[in-house]
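Undergrad: Next up is a structure, given as structure tokens.
FYI, it's all coordinate maths here, none of it is from the lab. Just so you know, these numbers come straight off a predicted model, no measurement behind them. Here Cβ is always computed from backbone atoms with ideal geometry, including for glycine, and neighbour counts include all displayed protein chains.
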Amino acid sequence: MHKIDLNKPVCVTGASGYIAGWIVKYLLEEGLTVHATVRDSKKASSVAHLWKAAQGTKGTLKLFDADLLKPGSFTQAIEGCDWVIHTASPFVIKGFKDAHEALIRPAVEGTANVLESCNAVESVKRVVLTSSVASVYGDAVEILKAPGGVFTEQLWNNTSSESHQPYSYSKVMAERKAWEMCKRQSRWDLVTINPSLVMGPSLTAQTQSTSIDVMRDLGSGRQRTGVPMLEFGIVDVREVARAHVLAGLNENSEGRYILSGHTASLLQMASLLRERFPKYPLPTMQLPKFLVKLVAPIAAGVSREFIQRNVGYTLRFDNSRSVKNLGVQYRPLADTLAEHFAQMIEDGLLKKR
Ligand code: NAP
């Protein structure tokens, strides 16, 4: 495994994003020089929080323009870096017509483009890729067949496709591409961070991340009539960001790391939030699966197959590698949710009540 030279810059792709904002902040606090890539560095709303994060730190922030779909566009930002953290990838699960163009091409071709740039730049020794538990499993029902009834880093999602769970498909195909390209050379090693649903305060109100939609749907009253029994692994955004930094700094880090602190259903999340935000129209009941199957295709644009394979299952994730090998410490779920909710109220993404 490679030791990272802290005097060299580190490149973070997709720096404008929800998770990447915290990664950049922690790297700057470590005193590192960060080459942060964004699609448009002149767009103040994408980068203002990064400049704010840099204030008062010993680190140096440098912005670069790069697009996942433009081969070679990351090379300049990666030049001189020992270490590249590749987070950029669309995290949307609805609102698109063509899953291939919206998700799969940017995720897979984008990863290949970033790694081609790593191949082209001699200084690169390590790549940390933001993958997902979506790369470990496709649908919740797969927990029934998981060895020991728990999802581990040994498992791979073999069930998603362009038409069923396309976001998950984009993640597993991108991670597979990354391992394939890693094996074809010997200069840089690869570590993947595989988070479950990321929650917790965002440094920016601008992100399109589905994490924010999940919270907005709970707090806005949209789901006040009830929610399906959908369970998620959940992890705080600050733990996920910290894990990316630790994966780079710890020369013994290797392979895949599931990042997941807790599991909770939508209703359990709502109950935790209600304790601290009693005035909000949070859901109070769970809808029966047959009803969800009946209404969800029209009400939420979700397929019956998705409901069949994901509603009603209790999940378990093995996070022991992240704790033992990276030293991640998971904070209480109630704090993560409450701090996220408070930030969204503060930033005007949820009404003040
Ligand atoms: P996010 O805030 O939407 O960040 C996604 C980033 O990808 C944005 O910075 C976006 O840049 C960039 N991006 C999208 N298309 C691009 C393109 N064509 N070229 C260059 N950049 C592009 O979402 P996030 O939640 O932080 O997600 C970051 C990473 O974590 C993704 O790889 C996601 O799959 C992974 N992940 C997220 C979760 C979660 O629950 N949030 C869980 C597991 C894994 P713009 O600002 O220019 O749009």
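Undergrad: Taking square-rooted eigenvalues a ≥ b ≥ c of the alpha carbon gyration tensor, is region 152-291 rounded, prolate or oblate, where a/c under 1.5 means rounded and, failing that, a/b exceeding b/c means prolate?
TA: prolate
Undergrad: What share of the DSSP beta bridges in region 10-346 is antiparallel, in percent to the nearest 5?
TA: Rounded to the nearest five, the antiparallel share is 10 percent.
Undergrad: Top mean-square fluctuation among GLY31, GLY148, GLY14, Gaussian network model of the chain, C-alpha springs under 10 Å?
TA: Evaluated over the chain, the most mobile residue of the options is GLY148.
Undergrad: With the contact rule set at Cα under 8 Å and sequence spacing of 6 or more, what percent relative contact order holds for the chain?
TA: Taking the mean separation of contacting Cα pairs over the length of the chain, I get 18 percent.
Undergrad: Now, a different point. Please work out whether region 70-195 counts as rounded, prolate or oblate from its C-alpha gyration tensor, where a ≥ b ≥ c are the square roots of the eigenvalues and a/c under 1.5 means rounded, while otherwise a/b larger than b/c means prolate and anything else oblate?
TA: Oblate shape, in that a/c is at least 1.5 and b/c is the bigger or equal ratio.
Undergrad: Amide H to amide H, which residues 5 or more places from THR284 or on other chains are under 5 Å from it, using H placed in the peptide plane?
TA: Here GLY226 satisfy the definition.
Undergrad: Further question on the same structure: Do any of LYS94/LYS177; LYS279/LYS351; LYS8/LYS62; LYS94/LYS293; LYS8/LYS125; LYS3/LYS324 go past 21 Å between their Cα atoms, and which?
TA: LYS94/LYS177, as the Cα separations exceed 21 Å there.
Undergrad: Connecting C-alpha atoms closer than 10 Å in a GNM of the chain, tell me which of ILE78, ILE23, ILE143 has the biggest fluctuation.
TA: Residue with maximal mean-square fluctuation among ILE78, ILE23, ILE143: ILE143.
Undergrad: Across all directions of projection, what mean area in square nanometres is found for the Cα convex hull of the chain?
TA: Mean orientational projected area (the chain, Cα hull): 16.6 nm².
Undergrad: With a point put 7 Å past each Cα toward its Cβ, work out how far ALA44 is from ARG353 in nm, to one decimal.
TA: 3.3
Undergrad: Another question, if that's okay. Whats the longest run of the chain with zero GluC sites (Glu not before Pro) that are DSSP loop and have at most 16 other Cβ atoms within 10 Å?
TA: 255-353
Undergrad: Still on this structure, I have one more. So if each residue of separation counts as 0.36 nm, and I subtract the Cα-Cα distance between HIS164 and GLU251, what length gain in nm does that give?
TA: Residue separation times 0.36 nm, minus the Cα-Cα distance, leaves 27.6 nm.
Undergrad: Still on this model: Under 13 Å from the Cβ of MET181, count the other residues' Cβ atoms, weight Lys and Arg +1, Asp and Glu -1, and hand me the total.
TA: Result for the local shell: 0.
Undergrad: Angle between the Cα long axis of helix 105-120 and the longest principal axis of the chain, 0 to 90 degrees, nearest 10?
TA: 20
Undergrad: If you don't mind, there's one more thing I want to ask. Give me the angle, in degrees from 0 to 90, between the Cα long axis of helix 237-249 and the longest principal axis of the Cα atoms of the chain, rounded to the nearest 10.
TA: For helix 237-249, the angle is close to 30 degrees.
Undergrad: Also, I was wondering about something else. Using alpha carbons only, how many angstrom separate the centre of region 59-120 from the centre of region 289-353?
TA: Taking the Cα centre of each part, region 59-120 and region 289-353 sit 26 Å apart.
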